[in-house]
Amino acid sequence: MIRSVVRGIGSALPRRIMKNTDFEGIVETSDEWIAQRTGIRQRHIAADDETTASLGEAAARAALENAGLTPDDIDLIVLATSTPNNTFPATAVDIQNRLGMRHGFAFDMQAVCSGFVYAVTTADLYIRGGQAKRVLVIGSETFSRILDWNDRSTCVLFGDGAGAIVLEAQQGEGTIGDRGVLAASLRSDGVHKDKLFVDGGPSTTGTVGHLKMEGREVFKHAVGMITDVIEDVFTQTGVTAENLDWFVPHQANKRIIDASAKKLGIAEEKVVVTVNLHGNTSAASVPLALAAAVADGRIKRGDLVMLEAMGGGFTWGAVLLRW
Ligand code: ACO
């Protein structure tokens, strides 16, 4: 059977690093409060000339180089983002143009922090359905542009960045020994839509709006939702927590990551954590964490990797793949 195998990975971060202490003087907060509650120490913040499209392009170019491919080899670009350059056209099309790609097709996917997990699942279906042989899957965000910089309960949590992978159709045996995407589980429930949202939009206010979050409510649901979809993937595949080599969760809050890993019985040393360095970069968080763990040699070819994310909507999901 056809499998969607990761052939390359890359990432890109804005030049400017903003440390927790840099918020002192902007809002009433402290390095201690932020670090204790979230595990975040710093985040990257985009300059005016750094956008979701430019960061996404840089991550895509890095992933193509890592794969030993060029834009000519790609059939489809799926960009996960909630902070597009424009309301339309899709920022994926902008990235397609920046890459000089005059063939194939490109679209954006909007599932907030779960965007990359949704995008990988979607790309896998295009590949296994025979519609594409190689797909660039990108998560790119500039959440700094939709933050209320006077709201200390949200502005300290988020950062900007991008990560990308190239998925390629390869022949597999149809077993969990195959490389590539092995299983996925996606969920959403709009009953929670007002717990984490942006208070603007083209069809309502005609403005971009700012992020609003009931942090405690998100926290309350996060662990249960994350573990539900992962357990569904375990059931689908017969894989257990002990079989996993790496757990690459959405990087929103270290306490949510720790509680999810503990509930699932995933050993601490298998958990990839970058929230301390990047903050919550929404759809970019999982590919940024993946890229870091591949670059430093932790994730190696043949390793069994579980990705998960949960975000606004709520949306949540998990993907199991063999690197
Ligand atoms: N610095 C200092 N004090 C603060 C700050 C800050 N930056 N922010 C809030 N506080 C204060 C509050 O005002 C409150 O003060 P009060 O008791 O006098 O009213 C106090 O700290 C406690 O506030 P809580 O919100 O109850 O703090 P909590 O322990 O719940 O931590 C946090 C807040 C970190 C946001 C937590 O709820 C959380 O992580 N929630 C989940 C967020 C998340 O994971 N989002 C992911 C999805 S993102 C996406 O999909 C785009």
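Answer with yes or no whether Thr91 is away from the ligand (no atom under 16 Å from the Cβ), surrounded by fewer than 22 Cβ atoms within 10 Å (Cβ to Cβ) and at pLDDT 95 or above. No, not satisfied.
Between Asp178, Asp194, Asp258, the distinction of being more than 25 Å from Ile2 (Cα to Cα) and either in a loop (DSSP other than H, G, I, E, B) or more than 16 Å from the ligand (Cβ to nearest atom) (or both) belongs to Asp194 only. Residues in the range 90-102 that are in contact (Cβ under 8 Å) with a residue 12 or more places away in the chain and out of contact with any strand residue (DSSP E or B) (no Cβ under 7 Å at 6 or more places or on another chain) were compared, and the one that is farthest from Asp72 (Cα to Cα) is Asp94.
Contact annotation: residue pairs with Cβ atoms under 7 Å, 6 or more positions apart or on different chains, pairing a residue in the range 143-157 that is more than 8 Å from the ligand (Cβ to nearest atom) with a partner that is in a helix (DSSP H, G or I) and not charged (D, E, K, R), are Leu147/Thr154; Leu147/Cys155; Asp148/Thr154; Asp148/Cys155; Trp149/Cys155.
For every residue, the table says whether it meets (1) touching a Leu at 6+ places or on another chain (Cβ under 6 Å); (2) more than 15 Å from the ligand (Cβ to nearest atom); (3) not assigned by TED's automatic domain parsing to the domain that holds Gly311.
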| site | (1), (2), (3) |
| --- | --- |
| Pro202 | no, yes, no |
| Thr207 | no, yes, no |
| His210 | no, no, no |
| Met213 | yes, no, no |
| Lys220 | no, no, no |
| Met225 | no, no, no |
| Glu231 | no, yes, no |
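Could you run through the range 72-88 and say how many residues are crowded, with 22+ Cβ neighbours inside 10 Å, in contact with a Leu (Cβ under 9 Å, 6 or more places away or on another chain) and outside any loop (DSSP other than H, G, I, E, B)? Number of matching residues: 4.
The values are calculated or read from the model by the stated rules, or taken from the named source; none is laboratory data. What you see is a predicted model, and the numbers here were worked out from it, not measured in a lab. Note that we place each Cβ from the backbone using ideal geometry, even for glycine, and neighbour counts take in every protein chain shown.
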